[in-house]
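First up is the structure itself, then whatever we jot down about it.
The values are calculated or read from the model by the stated rules, or taken from the named source; none is laboratory data. Predicted, not measured: the structure shown is a model, and the values here were computed from it. Every residue, glycine among them, receives a Cβ derived from its backbone with ideal geometry; neighbour counts consider all protein chains shown. With ligands, DNA and RNA removed, areas are computed over all heavy atoms of the protein, side chains included. Shrake-Rupley method; radii C 1.70, N 1.55, O 1.52, S 1.80 Å.
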Amino acid sequence: MLNVKTAPDTIEAISDDVLDDFEKKIRGDVLRPDDERYDEARKIWNGMFDKYPAAIVQCQNTADVVTAVNLAREHDLLVSVRGGGHNVAGHAVCDDGLMIDLSQMKGIHVNPHSRTARVQPGVDLGDLDSETQLFDLATPTGIVSETGLAGLTLGGGFGWLTRKYGFTADNLLSAEVVTADGSVVQASEEDNADLFWGIRGAGGNFGIVTSFEYRLHPLDRTVLGGVLIHPMERATDLLRYYREFTARAPRELGSLFVVRLAPPAPFLPEAVHGKPICGIIVCYAGDVEDGERVLQPLRDFGEPLADKIGPKSYVAMQSMLDQGQTDGHQYYSKTEYLPQLRDEPIETIVTYAATISSPITRVVLMQHGGAVRDWNEMDAAVSHRDAEFVLALNNGWSDPADDERQIQWTRDFWTAIRPFATVGAYVNFLSADEGQDRVRAAYGDEKYRRLVQLKNKYDPTNFFRLNQNIRPSV
Ligand code: FAD
C-alpha cells in the first residue's frame, strides 16, 4: 500500500518532558500535534503522504540539526529529513518519528570572485537562481523553481544547463554533513573524499547536509526558451524529428518532449482544450542569435499550434513550468532511461501518452548527454551518464478516489516501455514502492557495493533509512 492515511488519537513515541528539554536546547521550533502550525508543516508536495510525525523540528542552524539527530538516536526515533519536500516518494515526512525540517535554513552567499555559492539546505531552485543571476552566474539545477535544491543535488540533479555544465552534483565543491553519531564533518575532494563521492548521487543515506558549496558558471540573464505545441496526431512524427534534431544539438541546448492535456489557453484552438497535446520545450543558454539559428529547423517542423519561444530571463525560464504540478495533489511516477529513441519506444510512448486523463499529468522525455559525459561514471555516485534520454511518467490527479486507476495507468505504461530501457533509473524520480532491486539498479552493482561500504562506515545502524535506501551489511 502506498497511501497509508493515519490520523492517530495519540502519538506516544516520545514524552512531553523530553520534548520540553529538547526545545530549550535549540534555536528552532518544535511542533507537536496540538500546535496550530503542525498540520501545515507536515504537508509535502505529494498529497498521497498524509503522515503524522511525533514532532517536527524546524531547524535554524547546524547545531539544531546535531541536537535533533542526537535526540532521535538516544530515543530510538524514526527520522525523516525534509529539504524542499518535493520528493515523489514522500520520504520527507514519517508517522510517529521525528521530522527534521530544514526548510527554514535559507541562507545563500554568492562569491562572484571565486564563482562559488554557499547554500543552506532549505533553499529551493528559484531562491538560488535569483541570487546567482545578480552576478550573471548560475549552476545547473532542475526545471521547476520550487523544487528543493538539497534533495535534487544529493540525487544528481539535471535541468536546462546540464548538457552545458553537468549534473548539479558535478558542480558540488564541498558540503558540511551531520552524521548519524551527531558529528559535523566536511566532505570534499580533500576531506572525507569517500563521503563526498557518496553524497553526490546517493541521497541522504549518509547524513544530513547542512551546507552546500557550488561551482558557478557565467550565464547571461537572457536565454532563448519556451515551448512549441503540436497536435497529438503529430506526436510520432515530432518524436522522430526530435530524435534527429537532438542528435546534432549543441551543449547550449536543453530540451524535452512533453505530452499533457491542453489547458484552456487563448493561444490554443478551443478544439484541443482538454485533449492530449504534445510539445517541445527548449532553453538555449548561449548567444540569443545563435540560439535562433539552432532552433529554426525545429520551429519550422510541421505547423505548431503555438510557438511560444522567445528571449526571456533565465529566472523566468526556470519558473515557466511551476504551475504544472503544484503542491498537494496525488502524485505517482515511474521513470526509465532510454539508451536511444528507436521507432518502437516512440510508438509505445505515443500510444500510452494519448490516453492521459488528468490535467495534472505530464509525460516527459528529456535529452541527456553533453557535459555529463565529461565526468567518468565512477567519479561520483550519480549514475548512467551514457543514457541518451530520461523518461518520466509524472502522473498527478486531484481525487484520491482515482488513486487505484491512475496508479495502474502509470504501471501499465511503465511495463510497456521497460523492454526499451536501460537497467538503471534516476533515483530522484523513484516512487515509494520500487523495492531494493531498483535502488541497486539505480547505481549498478559495482557502485552499489561501494555505497554499502560507505553506509557501513558512516551509518551502520541505518539511522537514515527513509530514503531510497542503501542497506548496511554489518
Ligand atoms: P525532500 O522531499 O525534502 O527530500 C527528499 C529526500 O532527500 C529526503 O527524504 C532525504 O532523504 C533527502 N534530503 C533532503 N534534504 C537533505 C539534506 N539536507 N541532507 C540529507 N538528505 C536530504 N529532479 C531533477 O533532477 N530535475 C528536475 O528538473 C526535477 N524537476 C522536478 C519537478 C517537480 C515538480 C518535482 C516534484 C520534482 C522534480 N525533480 C527534479 C525531482 C527532485 O530532484 C526530487 O524530488 C528531490 O528529492 C527534491 O528534493 P527536495 O529537497 O525538495 O525533497
Q: Looking for whichever is among the aliphatic types (A, V, I, L, M) and either at positive phi or not in a helix (DSSP H, G or I) (or both) here; the options are 387, 371, 416, 401. Which one fits?
A: 387
Q) Could you list, in sequence order, the residues of the stretch 194-229 that are in contact with a Pro (Cβ under 8 Å, 6 or more places away or on another chain), surrounded by fewer than 21 Cβ atoms within 10 Å (Cβ to Cβ) and within 30 Å of residue 305 (Cβ to Cβ)? A) 222
Q | Matching residues, the stretch 62-93, being more than 13 Å from the ligand (Cβ to nearest atom) and either in a loop (DSSP other than H, G, I, E, B) or of a type in the set (Lys, Arg) (or both) | A | 73, 75, 76, 77
Q | Single residue of 175, 187, 180 found to be touching a residue at least 40 places away in the same chain (Cβ under 8 Å), within 13 Å of the ligand (Cβ to nearest atom) and within 26 Å of residue 440 (Cβ to Cβ) | A | 180
Q) Looking at 102, 152, 98, which is the one that is modelled with pLDDT of 95 or more, out of contact with any Phe, Trp or Tyr (no Cβ under 6 Å at 6 or more places or on another chain), open to solvent by less than 10 Å² (accessible area, probe 1.4 Å) and near the ligand (Cβ under 8 Å from one of its atoms)? A) 102
Q: Evaluate the stretch 283-302: report whether one residue or more is under 28 Å from residue 356 (Cα atoms), within 23 Å of the chain's Cα centre (by Cα) and among the hydrophobic types (A, V, I, L, M, F, W, C).
A: yes
Q) When you go through 63, 138 one by one, which is the residue that is open to solvent by 30 Å² or more (accessible area, probe 1.4 Å), farther than 22 Å from residue 38 by Cβ and of a type in the set (A, V, I, L, M, F, W, C)? A) 63
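For (1) out of contact with any Gly (no Cβ under 9 Å at 6 or more places or on another chain); (2) under 24 Å from residue 323 (Cβ atoms), each residue gets a yes or a no:
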residue	(1), (2)
384	no, no
393	yes, yes
397	yes, yes
402	yes, yes
405	yes, no
408	yes, no
411	yes, no
415	yes, no
422	yes, no
Q: Note down all Cβ pairs under 7 Å where the first residue falls in the stretch 327-356 and is within 21 Å of residue 387 (Cα to Cα), the second is part of a strand (DSSP E or B) and away from the ligand (no atom under 15 Å from the Cβ), and they're at least six residues apart or on different chains.
A: 345/338
Q: List every residue pair whose Cβ atoms lie under 8 Å apart, where the two residues are 6 or more positions apart in sequence or sit on different chains, the first residue falls within the stretch 13-24 and is in contact (Cβ under 8 Å) with a residue 24 or more places away in the chain, and the second residue, located anywhere, is among the polar types (S, T, N, Q) and open to solvent by less than 50 Å² (accessible area, probe 1.4 Å).
A: 22/67
